[in-house]
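Here is the structure we will look at.
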Amino acid sequence: MKTEHSRVMSRLGLAGLALVVVGGGSAAISADNTAPRDRSIAYAAHEIKLSVYETPDAKEECPQGVNTMGPREAFKALYPQDAGQKWKVVDTQMAREAEIWWPTVGKAEEFPFIEAEGKTAIGVDLDGKTKPSDFTSPEGKPGIDNQLYRVTGCIMNYRRGASIVNSERQKLLAYHFNRLLIELTDVDSLINDDDVTITTYRGLDALLQDAQGAFQAGGSERIDMRWGAKDFVHTGKGRIVNGVLKTDPMDIFVPQEVAFSSGAASTLRGAQFELKVMPDRAEGVIGGYADVESFYRRFNRAWGTHFMSYGQQVPPAVYRSLTRLADGYPDPKTGENTAISASYSVKMVQVLALHPDKKIADAAPASGAAQFAESVASSQADAK
């Protein structure tokens, strides 16, 4: 007769064996730390934020200072509470809310909106050209395309220490909707490999952390192939040069769920990954062309005017700057650009990518019932 201890240990052993079989392909790195086991390795993002180049005093990128006119200041200036002045709600709050969601393109700004200047920005050379509007990277690489930085660089919400930056970092970890996962396959070396395949997914699990909150490599991450297959699974080609992954352009969705669990994602067209890939982590940038509409409406959906006031961000002014500086993907009918060059700075940790088997997934309820029945039968047999 089996003891309770032996039954538990037996089940744990089978579970461990199943984990090795399912997830081992992207788990271990060979002894020389260059070739992943089974030629595949996966990483999950624990930080995704807009790339904003900052100097300590902001004089280089924001010589005119940062934006100080926020939503509250703008509202007060537009609708002054003078003695005897009476305003209707429809002409004030409702009118302003309508302008936030459907901003008037081409309208002159009611107040100054400060855009980032300077010659330095973080990002990727998306078109292989060096144009007058391009930046130079902090490392000295020319041709950096990141016009979104001009829009956001002097808005406090996007700068170091801002409440929304910190909140989005926390929500990225708190909400599994945000689990951006990449898997590299056909990898012969993490140092130099001229032909690798990259696939993006959305994961389903929390990231592994130690007692101090540091992210640990080797945690398992189930891939969402039920709700995430349509929007978050994308495949492209790339290469690894001196330990840096560089990919060909591919369209992806950046999951960005934040306040009140409002699921949202931004479309990044022609995305190119430039990541330093290591056995336990990866970090670098994802450059591409942010779709203006999805970028703007994602932020409005995620953060109300109250939160935008923390960082002095006036949405209609941002929208007009986005459309004016848009530099990619022209509309075939109007010729107006619909996307703006952008860059996200990302940090990722190595994980075990667990691919679901469709047959097993479809049979999960029956399998669970069978397991329960087997457990009951086993317990009854042991009791005899």
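General remarks:
- Long pairs among 129/347; 131/276; 49/171; 59/347; 49/230; 119/246, criterion Cα-Cα beyond 19 Å: 129/347; 131/276; 59/347; 49/230; 119/246
- For the range 160-231, the list of chymotrypsin sites (Phe, Trp or Tyr not before Pro) that fall in a loop by DSSP and count at most 15 other C-beta atoms within 10 angstrom reads 227.
- Value of relative contact order over the range 123-167, rounded to a whole percent, pairs C-alpha under 8 Å and six or more apart: 28 percent
- Alpha-carbon Debye profile of the range 175-269, log10 I(q)/I(0) at 0.11 Å⁻¹: -0.39
- On full extension, the segment bounded by residue 246 and residue 37 gains 73.2 nm, given 0.36 nm per residue less the C-alpha separation.
- Multiplying the residue separation of residue 109 and residue 188 by 0.36 nm and subtracting their alpha-carbon distance yields 23.0 nm.
- Diffusion of the range 293-335 by Stokes-Einstein, at 10 °C in a medium of 1.306 mPa s and with Rh set to the Kirkwood radius over alpha-carbon pairs, works out to 135 µm²/s.
No lab work stands behind these numbers, since they all come straight from the coordinates. For clarity, every value in this text was computed on a predicted model and none was experimentally measured. Neighbour counts run over all protein chains shown; Cβ positions are idealised from the backbone, glycine included.
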